[in-house]
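What follows is one structure encoded as structure tokens, with my remarks underneath.
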Amino acid sequence: SNFFAGVGSAIVWAIPHGAIWLALHVLLGLVLVVASLANLALAPRLASKPYTATATIAALAIIGAAFNGASFVTYGHDFSSMLMAGLWALALTCGYLAARLPPAN
């Protein structure tokens, strides 16, 4: 089956039909994807190149985590959950580093 169709189906199913914690988890993930893309769109105009680089890595990590989370719901492979957690840790690290960067001049 098509991976991307499976990801979309997992998201559409999880919110109204999944357990409440799964639905909240998916909604939080969607908010993080949108926020990371908004941050990425604004970063080049508002911040330094190191900030833009960390915002890019964070956005890619969050999107990758979302795909792997949806893949876990669809296919149930443990490695998808592990990849989601690892990519979340990478995104969190990028957010921490971005917050510690000196302000742009």
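For a quick check of your reading: which helices (runs of 4 or more DSSP H) sit entirely within region 14-105 and have at least 2 residues that are under 20 Å from Phe3 (Cα atoms) and modelled with pLDDT under 90?
Once the helices (runs of 4 or more DSSP H) in region 14-105 are filtered for at least 2 residues that are under 20 Å from Phe3 (Cα atoms) and modelled with pLDDT under 90, what remains is 49-75.
With the requirement that a residue be among the hydroxyl-bearing types (Ser, Thr, Tyr) and part of a helix (DSSP H, G or I), what does region 1-13 give you?
Once the filter is applied, which keeps residues that are among the hydroxyl-bearing types (Ser, Thr, Tyr) and part of a helix (DSSP H, G or I), region 1-13 yields only Ser9.
Please work out which one of (1) out of contact with any Ser or Thr (no Cβ under 6 Å at 6 or more places or on another chain); (2) closer than 20 Å to Pro103 by Cα; (3) open to solvent by less than 30 Å² (accessible area, probe 1.4 Å) is the condition Pro50 fails and give its number.
It fails just one condition, (3).
Using the structure shown, decide if Leu32 is under 16 Å from the mean Cα position of the chain (by Cα) and of a type in the set (A, V, I, L, M, F, W, C).
It is true that Leu32 is under 16 Å from the mean Cα position of the chain (by Cα) and of a type in the set (A, V, I, L, M, F, W, C).
Going by the structure shown, is Ala70 in contact (Cβ under 8 Å) with a residue 24 or more places away in the chain, farther than 18 Å from Ala91 by Cα and open to solvent by less than 50 Å² (accessible area, probe 1.4 Å)?
No: the conditions fail for Ala70.
Among Ser81, Ser36, which is the only one that is among the hydroxyl-bearing types (Ser, Thr, Tyr) and crowded, with 19+ Cβ neighbours inside 10 Å?
Ser36
The values are calculated or read from the model by the stated rules, or taken from the named source; none is laboratory data. Just so you know, these numbers come straight off a predicted model, no measurement behind them. A quick note on method: Cβ atoms are made from the backbone with ideal geometry, for glycine too, and the neighbour counts reach across all protein chains shown. Remember, those area values only see protein heavy atoms, side chains included, never the ligands or the DNA or RNA. Shrake-Rupley method; radii C 1.70, N 1.55, O 1.52, S 1.80 Å.
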